[in-house]
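The values are calculated or read from the model by the stated rules, or taken from the named source; none is laboratory data. Being a predicted model, the structure only gives us computed values, none of them experimental. Here the Cβ is made from the backbone with ideal geometry for all residues, glycine too, and neighbour counts use every protein chain on show. SASA here: full protein model, heavy atoms, side chains in, ligands and nucleic acids out. Shrake-Rupley method; radii C 1.70, N 1.55, O 1.52, S 1.80 Å.
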Amino acid sequence: MQDQEVSQVATILGLPTKDSTMLLRYFRWNKERLFERYMDNPEKVLQLAGVAENAKQGSSALILAKNIPGKGKFMCEICCDDDPEMETVAIACGHRFCRTCYAHYLTQKIREEGESRRVECPQDKCNVIVDEVTVEILVDDKTFSKYRELLNRTFVDDSDHLRWCPAPDCEYAIECNIPSTSLTSVVPTVQCTCGLVFCFGCGLADHQPCICVLVKKWMKKCEDDSETANWISAHTKECPRCHSTIEKMCRHEFCWVCMGPWSEHGTSWYTCNRFDERSSSEARDSQTQSRASLERYLHYYNRFANHEQSAKLDQDLYQKTESKMEEMQQTSDLSWIEVQFLKKAVDVTVQSRTTLKWTYAFAFYMTKTNETELFEDHQRDLEMATEQLSELLEKPLERERIAELRQAVLDKSVYVKLRREILLEDTAKGLLEGRWNFFVDLK
């Protein structure tokens with residue numbers, strides 16, 4: 001992929017391959033931006049990118065000190081060695097140093113500093129980039145391998161269409177051509193060669209049907225103290241004199257029921273007949289809104305957390321299922337391949353619970369409309385089917401009813417997968433059509 005990009009730029013701009021490579025790396029592989037800037041001022045762009053426009057005379061990469069053209073004896077400015085038999089190195093800028101010092105400099109840059117894209121000439125205030133061929137000549141194989149690895153990593157990191165798989169110890173990168181501008185209407189779910197399914201947009205585990213921006217808001221809402229503040233507002237009141245949040249005690253006397261001054265209650269110590277008192281209406285409205293907001297949040301959060309916990313418990317179910325598969329194989333005429341339906345059913349259950357979990361985060365931010373009822377119907381159908389499949393998997397084995405259980409699990413697994421696909425397809429279609437409305441900004 002990198003070679004194709006380099007070849008295209010070299011052809012269009014009429015530059016050598018190594019110069020085109022340096023330009024692309026400087027512009028973080030953004031060809032459109034490179035072409036635009038280069039056409040405006042090619043000399044300035046080459047200078048900024050660290051590409052020497054005209055190679056200096058006598059700047060051959062590797063040459064003995066005694067063979068350097070020109071007058072005078074050569075001396076390395078780093079180690080001050082002037083041995084005529086030592087090998088010297090220079091790149092296109094013409095700044096020459098002994099091979100030992102140059103190799104040490106490059107090794108330090110690569111192995112200790114983790115640099116690859118912008119390894120500049122050792123000369124002070126020279127920004128010309130050391131080309132890949134020179135690096136390969138001077139450093140050992142292990143260091144050059146590290147250099148290449150770093151270059152590949154920067155290529156993936158710089159690309160808008162590539163992302164490293166987040167699985168531990170996985171070295172694969174995934175390509176996805178969905179632009180970042182579409183992340184408010186698409187959940188770009190991808191699967192790595194290692195098997196991990198994740199969102200290309202944010203790098204988190206699969207969170208269909210919830211779009212990335214809502215996932216980020218939901219996770220922040222669940223982690224911060226915003227709901228603690230809601231609870232305080234819903235279960236306490238503010239003193240109308242000192243404005244402290246209290247439960248019942250403050251030197252200022254007021255009616256806990258209507259929030260009005262206690263002095264105005266006369267002898268009605270235990271009966272408040274001022275329910276519509278204007279001075280207390282705002283406080284009551286604010287408290288009611290906070291309580292309603294808290295209850296709404298808890299409705300969705302509890303269901304989100306329940307499915308998250310159930311998915312974790314279903315992970316433990318894999319071990320029980322394996323034991324059940326072995327028992328089923330021994331007590332029936334089914335082969336090991338034929339009893340795999342149990343494991344596949346657990347896969348379907350875990351996947352559906354993950355989807356259900358994120359439907360509640362998605363639904364929390366939705367504005368209630370007629371369209372949302374259809375979403376909630378799909379959500380309910382998938383939830384019911386998933387629970388039914390989970391119950392089947394928990395059933396103890398009965399030797400004479402193995403065939404019946406197998407058929408029931410197979411049928412229910414197919415149905416759960418179908419319900420999940422229907423929910424995801426309709427939700428995705430609704431996002432593209434702009435059918436769903438949210439009470440938060442998606443930007």
Quiz item: Within region 404-426, is even one residue of a type in the set (S, T, Y) and within 27 Å of the chain's Cα centre (by Cα)?
Solution: no
Self-check item: Hey, N127 in contact with an Asp or Glu (Cβ under 6 Å, 6 or more places away or on another chain), in a loop (DSSP other than H, G, I, E, B) and either open to solvent by 20 Å² or more (accessible area, probe 1.4 Å) or farther than 30 Å from A90 by Cβ (or both) or not
Solution: yes
Quiz prompt | Residues that are buried (at least 17 other Cβ atoms within 10 Å of the Cβ) and farther than 14 Å from R420 by Cα, drawn from region 199-213 | solution = C199, F200, G201, C202, I211, C212, V213
Quiz item: basic (K, R), over 13 Å from E77 (Cβ atoms) and part of a loop (DSSP other than H, G, I, E, B) - does that describe any residue in region 111-122?
Solution: yes
Exercise. Sort out which residues of region 325-371 are in a helix (DSSP H, G or I), polar (S, T, N, Q) and open to solvent by 10 Å² or more (accessible area, probe 1.4 Å), and write them in order of number.
Key: Q329, Q330, T331, Q340, Q351, T354, N370
Quiz item: Are any residues in region 58-84 in contact with a helix residue (DSSP H, G or I) (Cβ under 7 Å, 6 or more places away or on another chain) and either over 22 Å from E120 (Cβ atoms) or open to solvent by less than 30 Å² (accessible area, probe 1.4 Å) (or both), and if so, which ones?
Solution: C76, D83, P84
Quiz item: Hey, any hits in region 416-433 for a residue that's closer than 30 Å to D333 by Cβ, small (G, A, S) and open to solvent by less than 80 Å² (accessible area, probe 1.4 Å)?
Solution: no
Quiz item: Of all residues in region 388-405 being among the charged types (D, E, K, R) and either assigned to a loop (DSSP other than H, G, I, E, B) or open to solvent by less than 70 Å² (accessible area, probe 1.4 Å) (or both), which is farthest from E322 (Cα to Cα)?
Solution: E398
Quiz item: Got at least one residue in region 208-222 being in contact with an Asp or Glu (Cβ under 9 Å, 6 or more places away or on another chain), under 19 Å from A363 (Cβ atoms) and aliphatic (A, V, I, L, M)?
Solution: yes
Exercise. Those residues that are over 38 Å from the mean Cα position of the chain (by Cα) and either open to solvent by less than 10 Å² (accessible area, probe 1.4 Å) or of a type in the set (S, T, Y) (or both), I need them from region 99-124; list them, please.
Key: T100, Y102
Quiz item: Within region 30-41, which residues are surrounded by 14 or more Cβ atoms within 10 Å (Cβ to Cβ) and within 23 Å of C121 (Cβ to Cβ)?
Solution: L34, R37, Y38
Practice problem: Would you check which residues across region 85-94 are open to solvent by 60 Å² or more (accessible area, probe 1.4 Å) and in contact (Cβ under 8 Å) with a residue 24 or more places away in the chain and list them? | Solution: E87
